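Before I ask anything, let me first share the structure, which is written out below as structure tokens.
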Amino acid sequence: MTHTAIVSALHDELASVLALMPDEHQQVVGGREFWVGHLHGQDVVAVLSGIGKVAAATTATLLIERFGVKRIVFTGVAGGLGSGVQVGDVVLARSFLQHDMDASPLFARHEVPGYGRARFDAAAGLTDALELACDRMLHTLPQQLGAETVAAFGLQAPRLHQGLLISGDRFVATTAESAALQRELPDALAVEMEGAAFAQVCHDFGVPLAVVRTISDRADDTAHMDFPRFLREVASRYSGAVVEALFSNR
Ligand code: ADE
């Protein structure tokens, strides 16, 4: 049976995944709590990614080497960069880049030394399956969130975007930095702090990776506003619903 890792960026998201697992038990490795169990009869390991690229790379490596996972599904939140990528929308990564990688002039800007490339791809098949799950989730979930939450965050018609997700060890919370990232990487849809690290490790080990991120903010001067409430009321519900849709589909 396929052995899948479900990685959450946030406690609220992990809690909604654990609520779907009937028989999980905890194993602590490297200071991380791994939850080993089942979801719709499939073997899964659920864990928090840790924040930032180093924590994420360590978690990814442990999932592969210690727990033997054969594929990794990551859910979390991100700041929207692309025009039209709004709070409450969902971004499905088709490729990843570390926006703070800069070994120039020895290597091209953003190129990861030793890899001859800046961009890493998501696994097409797994990401296609996650796309179907996102579509199903987006059709049903906003109605279940409640009118007050929908109005507070403007979630009337959330959209699914697919493309480049960028990662770096910075919470982007100024309009100036967000504008600079958009200038430098015009096709970047959203920014977060872990996805590209997972992608590099998954590339090293040949493990398929799919990443979905709910847009929690626009990575601008207002990025911190209502963040905890968004995580509690929206992001955790999105990730629980998308994981449920992914696993109940097969
Ligand atoms: N995760 C959610 N919002 C983010 C932002 N603005 N920058 C980096 N990571 C994020």
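The values are calculated or read from the model by the stated rules, or taken from the named source; none is laboratory data. Worth saying up front: this structure is predicted, and the values here are computed from it rather than measured. Here Cβ is always computed from backbone atoms with ideal geometry, including for glycine, and neighbour counts include all displayed protein chains. Side chains are part of the model used for accessible areas, which takes the heavy atoms of the whole protein and leaves out ligands, DNA and RNA. Shrake-Rupley method; radii C 1.70, N 1.55, O 1.52, S 1.80 Å.
Multiply the residue separation of R232 and T61 by 0.36 nm, subtract the distance between their alpha-carbon atoms, and state the gained length in nm to one decimal. Don't skip to the answer; put the middle values down first.
Working: separation 171, 0.36 × 171 = 61.56 nm, distance 2.85 nm.
The span from R232 to T61 would gain 58.7 nm if fully extended.
Rounded to the nearest 500, what is the 222 nm mean residue ellipticity of the chain from helices alone, with -39500 (n - 2.57) per DSSP H run of 4+ residues and division by all residues?
Values: 8 runs with 88 residues, N = 250.
After summing the helix terms and dividing by the residues of the chain, the value is -10500 deg cm²/dmol.
Moving to a separate point now. In sequence order, what are the phi-derived ³J(HN,Hα) couplings for region 205-218 according to the Karplus relation 6.51 cos²θ - 1.76 cosθ + 1.60 with θ = phi - 60°, rounded to whole Hz, with x for glycine and proline?
Residue by residue, region 205-218 yields 9, x, 9, x, 10, 10, 10, 10, 10, 7, 7, 9, 6, 9 Hz.
Please say if region 1-151 is rounded, prolate or oblate, where rounded means a/c under 1.5 for a ≥ b ≥ c the square roots of the C-alpha gyration tensor eigenvalues, and otherwise the choice is prolate for a/b larger than b/c and oblate otherwise? Intermediate results must be reported in sequence, preceding the final value.
On the way: a/c = 1.86, a/b = 1.16, b/c = 1.60.
Oblate is the answer for region 1-151, as a/c is 1.5 or above yet b/c matches or exceeds a/b.
Provide the percentage of antiparallel DSSP beta bridges, counting only those with both residues in the chain; round to the nearest 5.
Details: 19 of 50 bridges.
DSSP beta bridges in the chain are roughly 40 percent antiparallel.
Sticking with this one: I'd like to check one number: the per residue accessible area of the chain, probe 1.4 Å, reported in Å² as a whole number. Write down the numbers at each step before the final one.
Values: 10310 Å² over 250 residues.
Value returned for the chain: 41 Å² of accessible area per residue.
Same structure again: How much accessible surface area, in Å² rounded to 10, belongs to the heavy atoms of Y115 with a 1.4 Å probe?
Y115 has an accessible surface of roughly 70 Å² with all protein chains in place.
If I compute solvent accessible area with a 1.4 Å probe over the protein chains, what percent of it on region 4-248 is carbon and sulfur? The partial results should precede the final answer.
Numbers: 5350 of 9830 Å².
After summing per-atom areas, the C and S share lands at 54 percent.
Amide H of L39 versus every other amide H placed in the peptide plane: which residues, excluding those fewer than 5 positions away on the same chain, fall under 5 Å?
Here the answer is V44, since their amide H atoms fall under 5 Å of that of L39.
Heavy atoms only, 1.4 Å probe, whole protein assembly: order E65, E192, E184 by accessible area, highest first. Working shown, then result.
Numbers: E65 125, E192 10, E184 85 Å².
The ordering from most to least exposed comes out as E65, E184, E192.
Rounded, prolate or oblate: pick one for region 111-247, where a ≥ b ≥ c are the square roots of the eigenvalues of its C-alpha gyration tensor, a/c under 1.5 means rounded, and failing that, prolate if a/b is larger than b/c, else oblate.
Note, shape of region 111-247 comes out oblate.
Here's a follow-up. In debye to the nearest 20, how big a dipole does the chain give about its Cα centre with +1 on each Lys and Arg Cβ and -1 on each Asp and Glu Cβ? Could the numbers behind the result be given before it?
Values: 19 positive and 29 negative charges, 71 e Å.
My answer is approximately 340 debye.
What's the magnitude of the charge dipole for region 66-195 around its Cα centre, counting Lys and Arg as +1 and Asp and Glu as -1 at the beta-carbon? Answer in Debye, nearest 20. Kindly include the intermediate steps, with their values, before the conclusion.
Working: 11 positive and 15 negative charges, 68 e Å.
Computed charge dipole of region 66-195: roughly 320 debye.
Identify, among G154, P105, V234, the residue whose Cα sits farthest towards the positive end of the charge dipole of region 4-248, taking +1 on the Cβ of Lys and Arg and -1 on the Cβ of Asp and Glu, with the dipole about the Cα centre.
Going by the Cα projections, it comes out as P105.
Could I ask something else about it? Which whole-Hz ³J(HN,Hα) couplings does region 8-15 yield from phi under the Karplus relation 6.51 cos²θ - 1.76 cosθ + 1.60, θ = phi - 60°, glycine and proline marked x?
Those phi angles translate into 10, 7, 10, 4, 4, 5, 4, 4 Hz.
Now for a different question. Calculate the dipole size of region 1-107 relative to its Cα centre from +1 charges on Lys and Arg beta carbons and -1 charges on Asp and Glu beta carbons; express the result in debye to the nearest 20.
In total the dipole reaches around 280 debye.
Once amide H atoms are placed 1.01 Å from N in the peptide plane, what residues at a sequence separation of 5 or more from L81, or on another chain, have their amide H within under 5 Å of its amide H?
When sequence neighbours closer than 5 places are left aside, the close amide H contacts are A190, V191.
Let me ask you something else. What are the residues whose amide H is under 5 Å from the amide H of V211, where those residues sit 5 or more places off or on another chain and H is modelled from the backbone?
The list, which skips near neighbours in sequence, is F74, A93.
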